[in-house]
Structures are given as structure tokens and as C-alpha cells.
């Protein structure tokens, strides 16, 4: 069975500081990994996804994530955050054997001026 | 394109009342999903559909029913609402199965309060 763990429920950070949101997964087969973002009072939208190939994936709004198979991680990073990045971020996993996407519990990123 | 839309945006129900949430997508997607979002629990799949006329159970299906009579619409029904069903409900759609690398597109959500 697959599962996703987001280690931090909340991450406070000052504007223009770097940020890393952590995500670990467990799966017995090859996985596809996703990061979705949910801005206040909105639905989720895709930030980036890892399917295969290069382990460094670049997404929208300057975010990137690195797939690390040995550590079963897919951490999300941004070198300099803006106030507008304040949102909840969800890591998710799927594989070829499933017709479902498994979401983590989310990390709330709060950017302060 | 409107993408994925949900009706209504907000609703307050009394215990035992029934209601139907409507999801519509204009992207000609085969797959549609209903999730509920609760604090500290992320998104949990209620039911999903792999095509017109088909439905399947997700992680938390009890107390809900669904129908997919038209490809573009996916209805979620609560026959007898309970306070435990207070939540934010999201509909999503995708061209292919999640396992086939497909991105899911989400609606704006329906906030439901059951008193």
C-alpha cells in the first residue's frame, strides 16, 4: 500500500527567505509524485509532478522539487518566497497499479512580511 | 473554459436532511472524483468515476451516493446528513487515471455544515 507523510503541518517563514516543505512516501513499486497548492478559499492546482527522468523537477511560481529514491522523499523548495505563496501545499503519490491519488495531510506555508 | 465548477458553494443542513452536490467539467475528461477535506486529514477520496455511467467507491464512501449520468456531470448525494459530514467537498476531473500520470483539475469546493 502507498502512503504519504508530510512532516510539517505548518511552516512559518519571512518573505524572501528560502523554504523547504518535506514529503516522504512509501510504496513497493515505482511511483509518480505530485505537489498541489491550495490558495485560501480555492481548489487545488498542480504545482509540479515527477513521472520519470531527471530527479529535479521545476514547477510554477519558482518552485522545484527533488525526487530522492533512496530516501523515498520528494521535498519542495523555493529559494525566495513571496507573501503570495501563503497557501496549503499537498504532496501526493500514485503508481501504475492504482487508479487513485493518495494525498498527504498538507503543510500550511505562512509567509510573513 | 470554465474548467471544473461546483454547485452550491455553501450549504447548511440539519441532521437527517438530504442534498445533492453538483460537479460539472467542460474539458471532456473521462475521470471524475469526489473528495472531502478535513483539518489535519488532507483530502480523502469518497467516490470516483472512470466514465459515463460508472462509479466506484473510494476511501470513505459510507453515507454518500454518486451518479454519472452524463460525461460532464458527477453528482454527490447525502441521503441523511450527519454532523460528521461537515466538511469541504472538492470535485476533480482528469483525462486519464491518476496512475497514468494524469493531472487532476479541481473545482473551488463546497462548504457544508451539518447541524
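Taking label points 7 Å from Cα along the Cα-to-Cβ direction, residue B:19 and residue A:64 give a separation of 4.5 nm.
Report, as an integer, the average count of C-beta atoms from other chains found within 10 Å of each Cβ along B:53-62. Don't jump to the answer; show the numbers that get you there.
On the way: counts 0, 0, 0, 2, 0, 2, 2, 0, 0, 0.
Whole-number average of other-chain Cβ neighbours for B:53-62 is 1.
Normalised by the residues of chain A, what does the relative contact order come to in percent, with Cα pairs under 8 Å and at least six apart? The value is 37 percent.
Which whole-number percent is the relative contact order of segment B:1-68 (Cα, under 8 Å, 6+ apart)? Numbers along the way, then the final one.
Numbers: 92 pairs, mean separation 14.8, N = 68.
RCO, segment B:1-68: 22 percent.
Summary value for segment B:35-97: 30 percent relative contact order, contacts being C-alpha pairs under 8 angstrom separated by 6+ residues.
A simple spin-label model places pseudo-atoms 7 Å from Cα toward Cβ; at residue B:5 and residue A:28 they are separated by 4.5 nm. Of interest is the spacing of the C-alpha centroids, which for segment A:1-69 and segment B:43-115 amounts to 23 Å. Here the label points at residue A:17 and residue A:45, each 7 Å from Cα along the C-beta direction, are separated by 2.6 nm in the simple model.
Read-outs throughout are calculated quantities, based only on the coordinates presented, and are distinct from any laboratory measurement. Keep in mind it's a predicted model, so treat the numbers as computed, not measured. Because the Cβ atoms are built from the backbone with ideal geometry, glycine has one as well, and the counts that use them run over all protein chains shown.
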